[in-house]
Amino acid sequence: MNLSLSGLAVALATPFTPSGEVDLPAFRRLVRHCVAGGVDILVPLGSTGEAATLLEAERDAVISACVEEAEGRPVIAGTGSNATRQACAWTKRAQALGATGALVVTPYYNKPTLAGLVAHYDAVAEAAPGLPLVLYNVPGRTGQNVTPPMLTRLWENKAIAAVKESSGNLAQIGEIARTLPEGKRLFSGDDALALPALALGAHGLVSVLGNLLPGEAKAMVAAALGSDALKARSFHQKLLPLMDALFLESNPGPLKAGLKALGIAEETLRLPLVPVEAATRARLLAALEAAR
């Protein structure tokens, strides 16, 4: 459980070939691009990685490739599901493949009570003993918000080492930071809110932007964590138009357009996601060029 969790984590995209198959050579290029940019943590198979569309064998291949290319960095694999048995199986499998932690989204669609959430995370922890878990709160995708009082109860699970907080609510982020137990970690799940979240006490950022400009995203986070507010603000202001452009349409649509422009991967997405509209692509590429 002694896993260092701080700094810049990148929520990795999963590249696909034009025919829709997982493009492992492109995924390896992406991981190497992030590693070269100095990222601290790699996060495959999250929302940005279109994990909901991947088959079992594809998940294994992505985790294995990420571990192989990580150069010793922590790999926090997305293993969440709305079915507790599935989340347990995926978490156990990720641990066996060499992941150093698991990102476990709160169950979506089912709308469990707090007691159900507690039981869910207890079961996942039991399935992969010793593996640190990162609770992923993203109510825009799950339909349920983990409030600070709920999180206080969930922190009692010793396996939950951190929370990726993607509610978009700065007041909530501030309260989580204020009540954070010793040894637990808070990560911003939104690029555009990273700077205020870090100022409030977050320990890092799980970034979409970092897929494209890992060095710049790392510099912003490092400056904020190093109490260099002016430098951090300068990076934030330069990168904000690109952060906004990455969410003009459902993530990772705009991101895939950016990866194509950088020559890292094709723009292919899996249904029900489709490539972005021309206007979105043009704005994304203009913001990317201005931020480089």
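Using every pair of separate Cα atoms, the Kirkwood estimate puts the hydrodynamic radius of the range 75-192 at 14.0 angstrom.
Computed over the chain, the per-residue total of -39500 (n - 2.57) for DSSP H runs of n ≥ 4 gives a 222 nm mean residue ellipticity of -14000 deg cm²/dmol, rounded to 500. Placing one equal scatterer on every Cα of the range 145-287 and applying the Debye formula, the log10 ratio I(q)/I(0) at q = 0.11, 0.14, 0.17 Å⁻¹ is -0.47, -0.72, -0.96. Residues of the range 129-158 falling in the label zone of Tyr109, defined by backbone nitrogen less than 16 Å from a point 7 Å along Cα to beta-carbon, are 141-144.
Here Glu68 and Glu289 are evaluated by their C-beta separation; at R0 = 25 Å the FRET efficiency comes out at 0.20. Subtracting the Cα-Cα distance of Gln237 and Ala57 from 0.36 nm times their residue separation leaves 60.7 nm of extension gain. Starting from 0 in steps of 10 Å, tell me what percent of the Cα-Cα pairs of the chain lands in each bin. So the P(r) values, bin by bin, are 7, 31, 38, 21, 3. Using the Karplus relation 6.51 cos²θ - 1.76 cosθ + 1.60 with θ = phi - 60°, the per-residue 3J(HN,Hα) values for the range 201-211 come to x, 5, 9, x, 10, 9, 10, 8, 3, x, 4 Hz, with x marking Gly and Pro.
Quote the FRET efficiency, to the nearest 0.05, computed for Ala83 versus Thr147 with a Förster distance R0 of 22 Å and r equal to the Cβ-Cβ distance.
The computed FRET efficiency comes out at 0.40.
The simple Förster model, with R0 at 41 Å and r as the Cβ-Cβ distance, assigns Ala279 and Glu156 a FRET efficiency of 0.30. Across all Cα pairs in the range 231-290, the calculated P(r) in 10 Å bins from zero up to the longest distance comes to 25, 51, 20, 4, 0 percent per bin. Residues Tyr109, Tyr121, arranged from fewest to most other Cβ atoms within 10 angstrom of their Cβ, appear as Tyr109, Tyr121.
Could you name the aspartates and glutamates in cross-link range of Lys158, using Cα to Cα under 15 Å and dropping any fewer than eight places away on the same chain? Result set, ordered by chain and number: Asp122, Glu126, Glu182. Note on the range 206-256: Rg/Rh from C-alpha atoms, Kirkwood Rh, equals 1.01. A simple charge model with +1 on the Cβ of Lys and Arg, -1 on the Cβ of Asp and Glu and nothing else charged puts the dipole of the chain at about 300 debye relative to its Cα centre.
Only the coordinates and a few stated rules stand behind these numbers; no lab work does. Keep in mind the model is a prediction, meaning the values are calculated, not measured. Virtual Cβ from ideal backbone geometry, glycine too; neighbours counted across all protein chains shown.
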